[in-house]
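Enquirer: Would you mind keeping the following structure in view while I ask a few things?
The values are calculated or read from the model by the stated rules, or taken from the named source; none is laboratory data. These numbers were taken from a predicted model, which means no experiment stands behind them. For neighbour counting, all protein chains shown are included, and Cβ atoms are generated from backbone atoms with ideal geometry for every residue, glycine included.
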Amino acid sequence: MDHLLKIHRFSFNHPESMNLDFEEVDWLKEIFNDLDSIREKFPDQEKDMLQVELQLVRKTNSTFNDHFIIRGKINCHYYAPCIRCLAPSKETINVDFAACYLLASLENSEEYKDLSDIYCDGEEMDLYFFDKGKIDLKELVNEHVHLNANPHPVHSENCKGLCSLCGFNLNFGKCIHHRIEKK
């Protein structure tokens, strides 16, 4: 499946659903691989996943003209390096989102140029713009995945980290530097 969604193939006010899995969609696999950069170092870890459910509907009205609404849910399980000791830390992303896409010609108008969200279809949504009749789903999903990824993964609250002098993993014992400090 291409990451560029062609709007003309959607009828007005006719919702459609999409269920995407990273094992079947190449651009979703790229997003996942960027997020789970330590997978090849720890291949024996539990199964990872990135799944996206989308509800899409094309609409038109006097306020927004031709616009597109995407509601979605992202479920992701991945491994990230612990910020203390670099061991794999199992992480999860479960996020719902709603986005309203307006025509790119409105992007620089006084009304919309400084906005990042908008009230549309009875709720507040993230504001995006589409150009040439295409919406970039990869950009949308990538943004929500990375905004919701844990920026400070820790594999255990009791993690002791690495020795700042020699890099020894202090979860496995004490290095020579830590033995000297205690004396």
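Enquirer: Please go through the stretch 102-128 and pick out each residue that is in contact with a helix residue (DSSP H, G or I) (Cβ under 8 Å, 6 or more places away or on another chain) and closer than 15 Å to VAL57 by Cα. Explain how you work it out, then say what you get.
Expert: If we filter the stretch 102-128 for residues that are in contact with a helix residue (DSSP H, G or I) (Cβ under 8 Å, 6 or more places away or on another chain), which is where we start, we get 112, 128.
TYR128 - this is the single residue of the stretch 102-128 that is in contact with a helix residue (DSSP H, G or I) (Cβ under 8 Å, 6 or more places away or on another chain) and closer than 15 Å to VAL57 by Cα.
Enquirer: Filter the stretch 114-161 down to the residues that are free of Cβ contacts under 8 Å to residues at least 24 places away in the same chain and assigned to a strand (DSSP E or B), then identify the one that is surrounded by the most Cβ atoms within 10 Å (Cβ to Cβ).
Expert: ILE118
Enquirer: Let me ask you something else. Filter the stretch 1-23 down to residues that are in a loop (DSSP other than H, G, I, E, B) and either in contact (Cβ under 8 Å) with a residue 40 or more places away in the chain or over 17 Å from the mean Cα position of the chain (by Cα) (or both), then give me how many there are. Before you say what the answer is, go through the steps one by one.
Expert: Taking the stretch 1-23 as the starting set, the residues that turn out to be in a loop (DSSP other than H, G, I, E, B) are 1-3, 10-11, 13-15, 22-23.
Subsequent filtering for residues that are either in contact (Cβ under 8 Å) with a residue 40 or more places away in the chain or over 17 Å from the mean Cα position of the chain (by Cα) (or both) retains 1-3, 10-11, 13-15.
Residues that pass the stated criteria total 8.
Enquirer: Next up: Taking GLU110 as meeting all but one of (1) over 17 Å from the mean Cα position of the chain (by Cα); (2) under 26 Å from PRO151 (Cβ atoms); (3) surrounded by fewer than 15 Cβ atoms within 10 Å (Cβ to Cβ), write down the number of the exception.
Expert: Tallying (1) over 17 Å from the mean Cα position of the chain (by Cα); (2) under 26 Å from PRO151 (Cβ atoms); (3) surrounded by fewer than 15 Cβ atoms within 10 Å (Cβ to Cβ), GLU110 fails exactly one: (2).
Enquirer: What tally of residues in the stretch 58-113 results from selecting those that are in a strand (DSSP E or B) and hydrophobic (A, V, I, L, M, F, W, C)?
Expert: So the first thing to find is which residues in the stretch 58-113 are in a strand (DSSP E or B), and the list is 58-61, 65-81, 88-103.
Checking the rest, the ones that are also hydrophobic (A, V, I, L, M, F, W, C) come to 68-70, 74, 76, 80, 93, 95, 97-100, 102-103.
Going through the stretch 58-113 one residue at a time, the tally reaches 14.
Enquirer: Still on this structure, I have one more. Filter the stretch 81-98 down to the residues that are aliphatic (A, V, I, L, M) and within 14 Å of the chain's Cα centre (by Cα), then identify the one that is farthest from ILE118 (Cα to Cα).
Expert: Going through the stretch 81-98, the residues aliphatic (A, V, I, L, M) turn out to be 83, 86-87, 93, 95, 98.
Pick out the ones that are also within 14 Å of the chain's Cα centre (by Cα) and you get 93, 95, 98.
Working: ILE93: 24, VAL95: 19, ALA98: 10 Å.
So, considering only residues that are aliphatic (A, V, I, L, M) and within 14 Å of the chain's Cα centre (by Cα), the one farthest from ILE118 (Cα to Cα) is ILE93.
Enquirer: Quick check on the stretch 52-104: of everything there that is at pLDDT 95 or above and among the acidic types (Asp, Glu), which residue is nearest to CYS159 (Cα to Cα)?
Expert: Only one residue tops the list, namely ASP96.
Enquirer: Are any residues in the stretch 162-183 part of a loop (DSSP other than H, G, I, E, B) and either among the hydrophobic types (A, V, I, L, M, F, W, C) or closer than 30 Å to SER11 by Cα (or both), and if so, which ones? Steps first, please.
Expert: Here is the first cut: in the stretch 162-183, the ones part of a loop (DSSP other than H, G, I, E, B) are 163-168, 173-175, 183.
Of everything in the stretch 162-183, those that are part of a loop (DSSP other than H, G, I, E, B) and either among the hydrophobic types (A, V, I, L, M, F, W, C) or closer than 30 Å to SER11 by Cα (or both) turn out to be CYS163, LEU165, CYS166, PHE168, CYS175.
Enquirer: Determine the pairs where a residue that is touching a residue at least 60 places away in the same chain (Cβ under 8 Å), located within the stretch 68-81, has a partner that is among the aromatic types (Phe, Trp, Tyr) with Cβ atoms under 6 Å apart, the partner being 6 or more residues away or on another chain.
Expert: PHE68/TYR101; GLY72/PHE97
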